[in-house]
Every structure is written in C-alpha cells, then in structure tokens.
Amino acid sequence: MKKPDINNIEVDMVPLIDIISLLLMFLIIVGDTTASSNIASLRLPTADQAQTETTFWRDTKDRIVIQIKPEFDDENVQAAKNGKYFFVFNAAKHGNADEGKSLKDHLAKFIDDAAAHGNGKIVKDSKTGTWNIPVKLRIPESCPMVEAEKVLYTVASLSLSDIQYGAAEIRK
Amino acid sequence: MSHKKMGASADHGDDSGHGGDRPWVYFMIDSFFLVTQFFVLTFKVRTGEDLILPHKLPPGGAGKPTPDVLVKETLPVAITVNRDTAESAPWYKINGGSPGDLQSLNSTLGSLVEGKDPSKFSVRISYEGKVIFKDVMPIFNTCIKYKISECGLQPSRERITSPR
C-alpha cells in the first residue's frame, strides 16, 4: 500500500503580524492615554467668545485644573436626590461640606511645591499680589452657583486670579 | 531529471516554519499580542479639548494688592441674576435697572461700555439660590465680548450667613 502524502500545513504569520501592527497603531493614535482619564465627562456651558487652548497660547504646564463633579451623572437624578458636589483636583475628590477647606489645603501645598521647584517661574505679581498660575475651572452648567462660588472663593483666598472657565462648543 | 517544485517550503527542510529554527519568534508574537491587548483594554476615544473663557478676578481679595491698584479708577457694574422658579428663564438687572433677558443684558452692557475704556470696568455678579452656573456664564461671555476682563462674584446671602 502506498503511504498517503503528508502535507505539512503551514500558517504564514506575516499578514497576521501586519494586521496586528495596524490595529496597534490605530489604538495608539486614536485612543486617549490613561493619564488624562481623570478628566470627568461634564456638560459644560457654551460660550461663543470661548477659544481653544491652542488658539489662546497660554502656558498650561503649571496650570491648576479644578472640576466640580456631581454625585450622580444624570442631571435629573442629581436634582431629585439633592446630590452632593465634589471638587476634584489632581484626581483627588474633596467634599464641599467643609466649605472648600480641604481643597484649599491641597491647593496651598501644590502652590508651595510649584513655587519651590518652578525655577523662579512661579512668582507673585508685585502690584496685585497674585500668583501667575492660571486656574482652569470645569463647572457643569447645572451646578448651583452656591457650589461654584465655594471654589471661586477658595481660589481667590489663595491669591489666584487668573481664571479660565471651561466651555463647550455651541450645540447646534 | 525532473525537478519537482515542492512549494515554498521545499527549501526550508524539515525544520520549516517560523518557530522551527527560530523559537524566539513565538515569544515575540506573544509580547506583541500582550501589548495590543493592553491598548485594546485601555482604549478610550480622545475627547475634544475644552474651550476656555479667560477672566481675571477683581482685586481686593486675599491677594493684598498695592494701594495704587486698589485706588485705580474703576467703573463698577453690578449685575443681578435670578430665576423666579427653577424652571423659568433667568432674568438680569444691571445697576438696579429693570429686569430683562440675556439680549437686553448684552445691549445694555454694550451701551455702557461704548466710547469708554473697557479695562476700567469692574463687573460684580450677584445671584440668588436657584441660579445655576449656566445662567452666569453668559455674563462672563458678554464681558469678554466687550473686552471687560475684570468680572467677579458678590457672595450670595447663603454664603454670608453660613459658618465658614
């Protein structure tokens, strides 16, 4: 009896590697890094005079970003359950029951560190007595003003006056 | 003599294939897959960057400005914003005038600023309990439109009466 021919089946891996490479490049280019995942998804108010950060050409390296995050993501649930609001700075949540005191302590430490290690770039203006650190505030449009003013007063009490309000594009 | 072509693998001999004489290829492909899986699991579409509306808080807070800053000539503008109910539209009053909507606020502020140096104006916004940030943001927007850079808040009655 004749032995049957044994055909060696080989899988060519090269096209598979090409496709995986393309997929990897897509994920890297289109995806967002985990470092910026602490930016909360907030419904910001619109403003037609608002500009993009790149158009504005501000130095954002030592910028402080503070977000007011509602307890519930759904606005209706937040209103119905009288949800709380938290002040988020550098991924740390601060309750607002202490009128922003814990946020103030955290900010004060950040400013001290930035001034100490800023190579002389972080300074107080000699005339106004305020720090040259911009503060970006991401406040959702449905946030009550009594909550938003807590952050503004905390920021003002630390001699920060350069405020940038986060806004969304005009919804059509 | 006939030469039979056995196909591409004929030249490779018995140890054909990618891993046969190069076992490290499997480990390389495994690492490649692991890296890809990391990016698949952490994939999140890049959200568009925020727009920003810049403002300066008026002096007189904890900044301890020098006397020449405090006594510089300013043209104060007091804007009050309120809502009759949580569902109703907000109304705005400038310098104690009659309440109006956002359009009347824009035109009134525009006529106030016309012909004057906008850097001399200092706007203070006061509000009551039902007002949300969405009602106040258009005031900041209008100030930027008329190049008024100083715009701050008057503390609400709730803030003044609550313990700090």
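Take the residues in the stretch B:110-129 that are surrounded by fewer than 18 Cβ atoms within 10 Å (Cβ to Cβ) and within 9 Å of chain A (Cβ to nearest Cβ), then tell me which one is nearest to residue B:79 (Cα to Cα).
The residue in question is B:128.
When you scan the stretch A:70-172 for helices (runs of 4 or more DSSP H) that lie fully inside it, which ones turn up with 2 or more residues that are surrounded by 13 or more Cβ atoms within 10 Å (Cβ to Cβ) and more than 12 Å from chain B (Cβ to nearest Cβ)?
A:101-117
Out of the residues in the stretch B:135-164 meeting the condition of being in a loop (DSSP other than H, G, I, E, B) and at pLDDT below 85, tell me which one is nearest to residue B:57 (Cα to Cα).
Filtering first and then ranking leaves B:149.
The values are calculated or read from the model by the stated rules, or taken from the named source; none is laboratory data. Predicted, not measured: the structure shown is a model, and the values here were computed from it. No Cβ is skipped: glycine too gets one built from the backbone with ideal geometry, and neighbour counts run over all protein chains shown.
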